[in-house]
Structure formats: C-alpha cells, structure tokens
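Working notes, beginning with the structure itself.
What follows draws every value from the coordinates through simple rules; no lab data is involved. Here the structure is a predicted model, which means the values were calculated and not measured. Here the Cβ is made from the backbone with ideal geometry for all residues, glycine too, and neighbour counts use every protein chain on show.
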Amino acid sequence: MAVSETGVRIGIDVGGTFTKGVALGLDGQLQAVSHAPTTHDHAQGVAAGVLEALDRLLTKLPASTPVLLVAHSTTQATNALLEGDTARIGVLALGEKRDKGRIRKVTQPPAGLRAEWAFVASDQPDFRQRAQAVLEGWQATGVQAVAVSEAFGVDDGAAEREAGVVARSLGLPVTLGSDLSGSYGLEMRTVSAAINASILPTMLRTAGHVREAVNQRLPGVPLLIMRGDGGAASLEAFEETPIHTVVSGPAASLGGGILREGLMDGIFFEVGGTSTNVGAVKDGRPVLKYMTVLGAPTGLRAVDIRIAGVAGGSLVRLSRKRIEEVGPRSAHIAGFPYASFASLQQLEGARLVELPLTEGGPGGYALLATPSGERFAITPTCAANALGAIGEDGRAFGEAGSARLALTLLGERLGASMEAAATAVLEACAEKLTALVRELAREHGLQGMPLYGGGGAASVLGPVIARRLGVPFQAVAQADVISSIGAALAVIRVERERSVTRQDPTILDLLEREVGDEAVRLGADPGSLRVETAYLPQEGRLRAVAVGAHALSARTRVLDHDELHAQARLVLDDTARLTFGGQYHSLFTATHELRSLFRRRRRHPALVLDPCGVRLLRFEDATVFVGTPAEVLAQFSAVAAGPTAPHVAVLTPTRLRDYAHLHDRAALNQQLHDSLRLEPQVALIVRRE
C-alpha cells in the first residue's frame with residue numbers, strides 16, 4: 001500500500017467497559033476519537049466492539065483519507081485466563097526415554113487448566129508414529145489445543161517441530177515451548193506453552209473475527225496487536241502466541257505516555273471505569289518483569305503493572321457513619337447507571353438506600369432509588385462532578401446538579417456536608433492507590449519522581465495522590481484515550497534470551513542479529529531499530545531486545561540532509577553538526593559552554609536520528625569516537641579506565657546498538673571487539689556521567 005502524507009494511523013483499545021478508538025495524523029495530531037461499549041457477550045466477542053469503534057472513527061474522517069494501519073490492544077487474553085475461559089489441552093512432553101521420570105515431574109500443566117499429559121521418547125525410531133497416536137487419541141476425547149515441550153529443546157528443537165507438524169496436520173492448534181523462550185528451564189517453558197495453548201482456540205476465533213471486520217472496511221490495511229511488553233506484532237503472531245498480549249492494554253497506555261509525552265522517569269497510572277492500572281517508567285522505557293500467570297512463573301516479560309479495584313465507576317460501601325470502602329465492585333459490572341449522568345428529572349424524589357449486590361454478599365452499597373423503581377450508583381465520577389473538578393470537555397463530565405444531589409444525600413447519611421462527602425469518596429480512592437504507587441516507586445527506585453495520569457478520572461484522583469506522596473502530578477494530554485494513542489503509535493518490540501554459562505560475545509552477536517531481523521520481519525522500519533543487550537550473570541542468561549516503529553507508523557517521509565540538520569538543531573542548538581552518517585541513522589553532536597562564577601566547562605550532547613527525523617538516542621554529554629573498529633577501540637581504551645563500564649552505544653552503517661546494561665569493562669571490550677570487527681566504519685558514543 002502506498003504511504004500517503006495525509007494518511008492516518010488508527011489505534012483501538014479494548015477495555016473492560018469501553019472500546020475506544022483514535023485516528024492520528026502523520027504529524028501525531030489527533031484527527032478523530034470514538035467510543036463504543038466493549039462487547040464481551042456478543043457472538044463475535046470483543047471484535048464487534050472493535051468494529052463499532054472503527055466504524056464510528058471512519059464516519060468522522062473525510063472519505064478519501066488513507067488509513068495506513070490499524071493497531072489494537074486487548075484484554076481478551078487476560079480475561080480468558082482470569083475467568084477460566086480456557087480450552088482443554090494436551091501437554092506432550094518429549095525427551096530421551098531414560099529421562100521419562102525426571103521429565104514427568106517438571107512438565108505437569110499448571111493447576112487450573114483442564115489438561116491431559118503424555119510422554120513420547122524423541123530418541124526412538126518410531127517417535128513420529130507414537131506422537132501421532134497420542135495426538136489422535138486426545139483429539140477423539142475433546143482436546144482442543146496442544147503444548148509441546150522437549151528437554152533441551154532450545155538447543156535442538158527438531159522433535160518439537162516435528163510433533164508440531166503432526167498436530168497441525170490433525171487441525172490442532174499447537175504451541176512449542178522453544179518458540180516462547182530460548183532459556184533453559186523445562187518446567188518454565190512447559191508452563192508458558194501450556195498457558196498459551198489453553199487460550200489459543202479463543203484467540204484464534206477472536207483474531208478471525210477482527211481480521212474479517214477490519215478487512216471488510218479497510219482491505220489490505222496492516223493490522224497489529226499490542227503486546228504486554230509494549231511492543232506490537234502482526235495478527236498472525238498474535239494467533240501463534242496470544243500469551244504475549246496479557247496486560248497489553250496497560251502496556252499501550254504506558255507506551256502512549258512515553259511516546260507522545262516524552263515521559264522519562266516516574267509512576268504512570270490509568271483510571272478506567274472498573275479498575276486502575278499503575279506502572280513505572282524508567283529512563284524513558286516501561287519497567288518490565290517476568291509474568292506470573294495462574295500462579296505459575298513464565299519465561300515471558302511484560303510491563304510491571306499493579307491493578308487496583310478502584311476507578312471512576314467504583315461503588316461506595318458504607319458502615320455506620322463512615323465510608324467503609326470504594327470498590328472493588330463497580331457500577332458497570334453491577335448494571336447501575338451513574339447518578340451524575342442522569343438528569344435532575346430522573347432523580348426527582350430519589351432517596352439513599354444501602355443494599356447488598358449479591359445474595360449473601362456484603363451490604364451497605366450506597367445507591368439512589370427513585371419512586372419509579374430506578375436505581376443509580378454514587379461513584380467517584382459523581383463526587384468529582386459534584387465538586388466541579390471535571391472540565392466540560394472531559395469524557396467524565398456529567399450533570400453537576402444531579403451529582404450534587406447524590407452527594408448531598410450521601411452527606412446527610414454521613415452527617416457531613418455535600419463537599420465533605422464528595423471529598424471523602426475521592427480520599428478513599430486515593431488511599432488505595434497511594435499505597436500501590438508508593439510500593440512501585442520504592443521497588444524501582446523512583447521515590448520523589450513525578451506522578452503521571454491517564455484515563456477519564458486521572459485529573460481528579462491524580463492531585464489527591466500526588467499531595468499524599470509529596471510529588472508533582474501531570475495529567476497526560478488526551479488522557480481518556482491514551483491507550484488507543486499508544487496502540488496507534490505501534491512500536492514493534494522483539495526480545496530473546498539464551499541460557500549461557502558465561503558471557504559469549506559470539507552468541508550475543510548472533511542474538512542481536514536474530515532480534516533485529518525478527519523485528520524487521522514483523523514490520524519494523526530498519527531505520528528506527530534500536531538493539532539493546534544485557535548479560536544476567538546471576539540467572540545465566542543473555543538478553544537482546546530490538547525496538548522499532550512499524551514501517552507505516554513512524555514518520556513516513558524521508559528527510560533530506562538539510563531537513564535532518566534542521567531537526568538536529570531544533571533538539572541540540574545551532575552548533576549541531578553531522579558526525580557520522582549510516583544507511584539508516586545520522587549522528588549529530590554539538591558543543592554547549594556552561595559558565596559559573598569560578599569556572600567554565602563544555603558539554604557535548606549527542607543525538608541519533610533515523611532518516612525520517614525520529615529521535616532514537618540522546619545523551620546530554622558524550623565523547624564520540626569515529627573511525628575503523630580498531631581505531632575507535634584503541635581511543636576508547638586510552639580514555640576510559642576502571643572495572644566498571646560506561647554507558648556505550650555504537651552506530652554502524654546499518655545498525656544502532658545500545659550496551660547500557662553491560663557493566664563489566666572487560667566484557668564490554670570483548671563484545672565491542674567481536675561484534676564490530678567486520679564493520680568498515682563505526683561511531684562509538686560514550687555517555688559522560
């Protein structure tokens with residue numbers, strides 16, 4: 001599809017309550033916004049809500065506007081696991097015949113999954129026939145998907161792949177353990193594969209509906225799915241490994257905040273209708289951790305998200321003369337409309353009632369009951385509207401008179417004024433969230449860093465939480481649709497790990513190339529690629545991560561030399577000069593003179609741009625060496641000493657490599673020597689502390 005300078009990127013976030021869509025122009029400006037109810041109970045599942053949000057967006061755009069891509073985040077995988085909407089699976093364990101007993105112990109499926117288990121010796125001549133017999137037997141008893149996991153499959157996955165071919169020939173969706181993780185640890189790989197297989201049938205149906213819906217409206221337009229690690233991948237990749245989309249909604253909102261607002265360090269929270277997600281941003285990236293799913297550790301990383309059962313639609317529960325709790329039950333789940341979205345006529349004659357929501361459940365939920373039999377919820381959104389804390393352009397803006405009436409009745413029950421009752425509701429919400437924010441900030445060394453807010457009620461709860469923590473607060477622009485914006489920006493992210501006994505530069509170099517090539521295969525623009533590597537000695541792992549913008553998601557017009565130079569001057573200043581140019585990247589440096597009362601010193605910032613002017617790397621002060629690998633490594637060795645390595649990035653004619661997590665000086669030197677030896681010219685960028 002030809003890229004148009006007038007095209008738009010569409011991002012759709014499938015939330016628990018609403019499905020929200022945005023259309024972004026190539027300049028990043030918001031062109032249109034849509035909201036639709038999330039259709040969990042529809043025959044087509046959430047795909048129906050995606051289609052409705054997409055249709056509403058398209059009606060707001062000129063008919064001739066080209067759509068360059070559609071990307072969406074989804075709670076489908078998370079909900080399927082939480083609600084037990086999983087398929088009956090078979091776990092096929094492979095290995096040498098003599099190891100059957102040991103393999104049996106570490107390849108059992110996680111508790112909570114409906115699963116069969118079998119072992120087939122992969123070192124026997126009749127391996128394929130035995131595997132086929134097991135799979136056919138499972139299929140006859142109703143097994144819907146298969147997980148295949150082999151001892152040492154990361155070294156030689158031939159048997160896994162052969163079993164996968166047999167399963168697919170029988171029409172069984174299959175997950176191979178070595179496809180999900182390249183690390184040793186048979187138990188971890190088996191758990192990951194089993195969980196992935198358990199949601200494969202549901203995800204395949206959803207993907208089919210989404211593909212059909214989008215193709216009907218926008219044939220030929222690329223369709224991407226957000227991943228839980230903040231990256232994005234094709235719909236085909238989603239169909240193979242849906243487990244990667246767990247927490248993709250929170251990941252999209254973090255990505256939106258980072259890419260649109262330039263967030264660097266702090267805590268980010270997004271207030272929805274039912275729950276609030278809290279995540280961390282460090283060095284301009286979302287903080288990741290290994291996922292635990294169904295109580296079992298996996299070898300897959302996703303954004304470190306804490307979820308609180310309190311949000312804009314949470315219900316208020318009372319006890320004697322005080323508020324007992326706000327949330328986790330919400331008006332959306334209970335089926336009550338907000339009082340602040342009702343007219344005064346609808347609430348005429350209303351009185352406060354306190355009821356349980358379920359038989360035998362806790363009572364005291366505060367509702368308004370009208371003479372006509374209708375019931376309305378009192379929520380934090382109502383409290384904010386009663387206090388006039390939501391602007392007229394806010395998505396959560398409601399009827400101020402109705403909100404004040406609801407909070408007046410609540411205040412009478414509490415023996416307080418309307419204002420005091422509304423403030424008490426918001427403080428009860430903030431108390432829950434403050435504990436989560438404080439815990440996350442302490443865990444990741446972000447105490448005192450700013451608090452950033454997204455979601456419809458962010459501007460209401462954010463200042464309260466920030467005041468309790470003594471930190472600054474900033475609501476991001478378009479907070480209500482920040483997740484959809486994050487999806488529209490569609491970052492491709494590929495991560496691979498290998499188990500090693502020592503830091504091997506050759507393996508690391510191969511791993512770098514592997515993630516870079518895979519990112520390009522998934523649609524990343526080679527010019528936007530940034531590859532980072534890390535050696536984790538305590539865990540015995542090498543990790544490589546490639547991050548890049550989708551080829552149709554980055555700025556799509558290549559800038560000429562003068563335009564690139566102008567972009568660099570805009571960031572650095574008029575002293576910016578081109579220091580190194582490659583096929584996909586340009587390195588600019590500048591000189592800033594800093595004067596104080598007693599001395600003056602110079603700082604040399606460095607900036608790497610891709611051909612479209614996207615900023616890939618920026619150091620506030622750096623030393624840059626340019627030349628052949630031998631020349632720059634000799635210069636680097638001459639000026640840097642000590643066992644601890646500085647933060648180094650390397651620019652070659654075709655790739656940007658970042659060695660931020662390589663702290664051992666000897667290991668860094670060896671890695672630089674081995675990975676650069678075949679390059680004709682390089683630029684070595686050393687960050688000054």
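Within 10 Å of each residue's Cβ, count the other Cβ atoms and sort 595, 130, 603 from fewest upward.
Sorted ascending by nearby Cβ count, the order is 595, 603, 130.
Using amide H atoms built in the peptide plane, which far-off residues or other-chain residues are under 5 Å from residue 310 H to H?
276
Quick one: Karplus J couplings for segment 280-285, per residue in order, coefficients 6.51, -1.76, 1.60, θ = phi - 60°, nearest Hz, x for Gly and Pro?
Coupling constants for segment 280-285: 10, 10, 9, 6, x, 9 Hz.
Which whole-number percent gives the relative contact order of the chain, counting Cα pairs below 8 Å spaced six or more residues apart?
10
FRET efficiency for residue 664 and residue 63, Cβ-Cβ distance as r, R0 = 60 Å, nearest 0.05?
Approximately 0.55, to the nearest 0.05.
Work the Kirkwood hydrodynamic radius out for segment 429-480: mean of 1/r over every pair of different alpha-carbon atoms, inverted, in Å.
Computed over Cα pairs of segment 429-480, the Kirkwood hydrodynamic radius comes out at 11.0 Å.
Residue 571 to residue 355: extension gain in nm, 0.36 nm per residue of separation minus the Cα-Cα distance?
Gain on extension, residue 571 to residue 355, equals 71.9 nm.
Show the residues, 5+ positions off or on another chain, whose built amide H is closer than 5 Å to the amide H of residue 227.
For residue 227, whose amide H was placed from the backbone, the distant partners under 5 Å are 232, 233.
Using each residue's phi in segment 610-621, evaluate 6.51 cos²θ - 1.76 cosθ + 1.60 at θ = phi - 60° and report the 3J(HN,Hα) Karplus result to the nearest Hz, with x for Gly and Pro.
Listing the rounded values in order: 8, x, 9, x, 6, 7, 9, 7, 8, 10, 5, 8 Hz.
Can you order the peptides 326-334, 463-471 by their average number of other Cβ atoms within 10 Å per residue, highest first?
Highest-to-lowest ranking by the protection proxy: 326-334, 463-471.
Per residue of segment 58-65, what does 6.51 cos²θ - 1.76 cosθ + 1.60 with θ = phi - 60° give for ³J(HN,Hα)? Whole Hz please, x for Gly and Pro, Karplus curve as stated.
So the J values, rounded to whole Hz, are 5, 5, 8, 9, x, 4, 8, 5.
Per residue, what volume in Å³ does the convex hull of the Cα atoms of segment 175-266 enclose?
Expressed per residue, the convex hull around the Cα atoms of segment 175-266 is 123 Å³.
Evaluated at 4 °C with a viscosity of 1.567 mPa s, what Stokes-Einstein diffusion coefficient in µm²/s does segment 82-204 have when Rh comes from the Kirkwood expression over alpha-carbon pairs?
93
Please report the projected area of the chain's Cα convex hull averaged over all directions, in nm².
Averaged projected area of the chain's Cα convex hull equals 35.4 nm².
For a protection proxy built on the mean count of beta-carbon atoms within 10 angstrom, sort 339-349, 486-496 highest first, please.
486-496, 339-349
Sort 268, 152, 336 by Cβ crowding within 10 Å, fewest neighbours at the top.
Arranged by neighbour count, lowest to highest, 268, 152, 336 become 152, 336, 268.
Have a look at 336, 370, 409 and report the one farthest towards the positive end of the charge dipole of segment 319-426, computed about the Cα centre with Cβ charges (Lys/Arg +1, Asp/Glu -1).
409
How much length is gained if the chain between residue 615 and residue 290 is pulled fully straight, taking 0.36 nm per residue apart and subtracting their Cα-Cα distance, in nm to one decimal?
Length gained, residue 615 through residue 290: 114.1 nm.
Cut-off is 10 Å between beta-carbons; in what order do 404, 541 appear when sorted fewest neighbours first? Write down the numbers at each step before the final one.
Working: 404 22, 541 18.
Fewest-to-most ranking of 404, 541: 541, 404.
What is the calculated FRET efficiency for residue 283 to residue 211, with r their C-beta to C-beta distance and R₀ = 45 Å, to the nearest 0.05?
0.80
Any chance you could tell me what percent of the C-alpha pair distances in segment 561-687 go past 26 Å?
Details: 1836 of 8001 pairs.
Counting pairs separated by more than 26 Å, the tail of P(r) holds 23 percent.
Which order do peptides 22-34, 95-107, 248-260 fall in by mean Cβ count within 10 Å, highest first?
Ranking, from highest mean packing down: 248-260, 22-34, 95-107.
Counting Lys and Arg as +1 and Asp and Glu as -1, what is the net charge of the other residues whose Cβ lies under 10 Å from the Cβ of residue 616?
Numbers: positive: 530, 615, 618; negative: 610, 658.
For residues surrounding residue 616, the net value is +1.
Quick one: if you stick a label point 7 Å off each Cα along the C-beta vector at residue 156 and residue 413, how many nm between them?
Between residue 156 and residue 413, the simple spin-label model gives 6.9 nm.
Amide H of residue 300: which non-local residues (sequence gap of 5 or more, or other chain) have their own amide H closer than 5 Å, using H built in the peptide plane?
291
Report the net charge of residues surrounding residue 314, where surrounding means a beta-carbon distance below 11 angstrom and charges are Lys +1, Arg +1, Asp -1, Glu -1.
+2
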